[in-house]
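**Student:** Following this message is one structure expressed as structure tokens.
Just so it is clear, none of the values below were taken in a lab; they were calculated from the coordinates. Everything numeric in this text was worked out from a predicted model, so none of it was measured. Every residue, glycine among them, receives a Cβ derived from its backbone with ideal geometry; neighbour counts consider all protein chains shown.
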């Protein structure tokens, strides 16, 4: 980690790193750990003040409304990134790819408005893991699978397939967390050089 930070200090190059994936894949744990270890600004979506209305938005039946809610949050974050990247690396937990994958899993005809400018990440990771590990993580975190039914599991499979079309760097986080981090740090090191 210190070597990565030293490279950053020499180059003064700040990068945007994003982590996308299904619930329980370990993306939040990885994103937080990476942000801490490279002294990056950490963002988890949705952010405030939009996070405060998330439960109301989720209760809306209109898929387009949900998509626009998440898209508005990504647009706001993206507009702030140039200022943040002037002084710090940025790590985002759930960026535009998650928003698009969820929308595409329900409606393939949804597209981004032409006027919208979204900052392209320097590194984008798709965090995956085997289904048993993912379900166990959700159970450990939430105590139950809650609303997840077999229909939801099928939809999550479709969402993962949609995420894979974006060409993100797929990272399997099924087993050893430290090995996964080592792989990620190697890719960050390569990007910073």
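**Student:** Testing the spin-label approximation: label points 7 Å from Cα along Cα→Cβ at residue 172 and residue 54. State their distance in nm.
**Tutor:** Each label point is offset 7 Å from its Cα along the Cβ direction, giving 3.0 nm.
**Student:** Still on this model: Using Cα springs under 10 Å in a Gaussian network model of the chain, which residue among 175, 157, 18 shows the largest mean-square fluctuation?
**Tutor:** Among 175, 157, 18, the largest mean-square fluctuation in the Gaussian network model of the chain belongs to 175.
**Student:** Which angle between 0 and 90 degrees, to the nearest 10, do you get for helix 96-106 versus the longest principal axis of the chain when only C-alpha atoms count?
**Tutor:** The two axes meet at around 20 degrees.
**Student:** In square nanometres, what is one fourth of the surface area of the convex hull spanned by the alpha carbons of the stretch 38-101?
**Tutor:** 4.6 nm²
**Student:** Please compute the contact order of the chain in relative form: average sequence separation of alpha-carbon pairs under 8 Å and at least six residues apart, divided by the residue count, as a percent.
**Tutor:** It comes to 35 percent, rounded to a whole number.
**Student:** Using only Cα atoms, find the angle between the long axis of helix 131-142 and the longest principal axis of the chain, and express it within 0 to 90 degrees, rounded to the nearest 10.
**Tutor:** The angle comes out near 90 degrees.
**Student:** Now for a separate question. Can you give the FRET efficiency for residue 155 and residue 65, using 1/(1 + (r/R0)^6), R0 = 22 Å, r = Cβ-Cβ distance, to the nearest 0.05?
**Tutor:** After rounding, the FRET efficiency stands at 0.75.
**Student:** Could you work out which residue, out of 54, 32, 88, moves most in a Gaussian network model of the chain, that is, has the largest mean-square fluctuation with Cα springs under 10 Å?
**Tutor:** Between 54, 32, 88, it is 54 that shows the largest mean-square fluctuation.
**Student:** Show that you can apply the helix-only estimate: for the chain, add -39,500 (n - 2.57) for every DSSP H stretch of four or more residues, divide by all residues, and state [θ] at 222 nm to the nearest 500.
**Tutor:** -17000 deg cm²/dmol
**Student:** Where does the stretch 21-192 land on the Kirkwood hydrodynamic radius, alpha-carbon pairs, in angstrom?
**Tutor:** Its Kirkwood hydrodynamic radius stands at 17.1 Å.
**Student:** Most fluctuating residue of 58, 17, 92 in a GNM of the chain with Cα springs under 10 Å: which is it?
**Tutor:** 58
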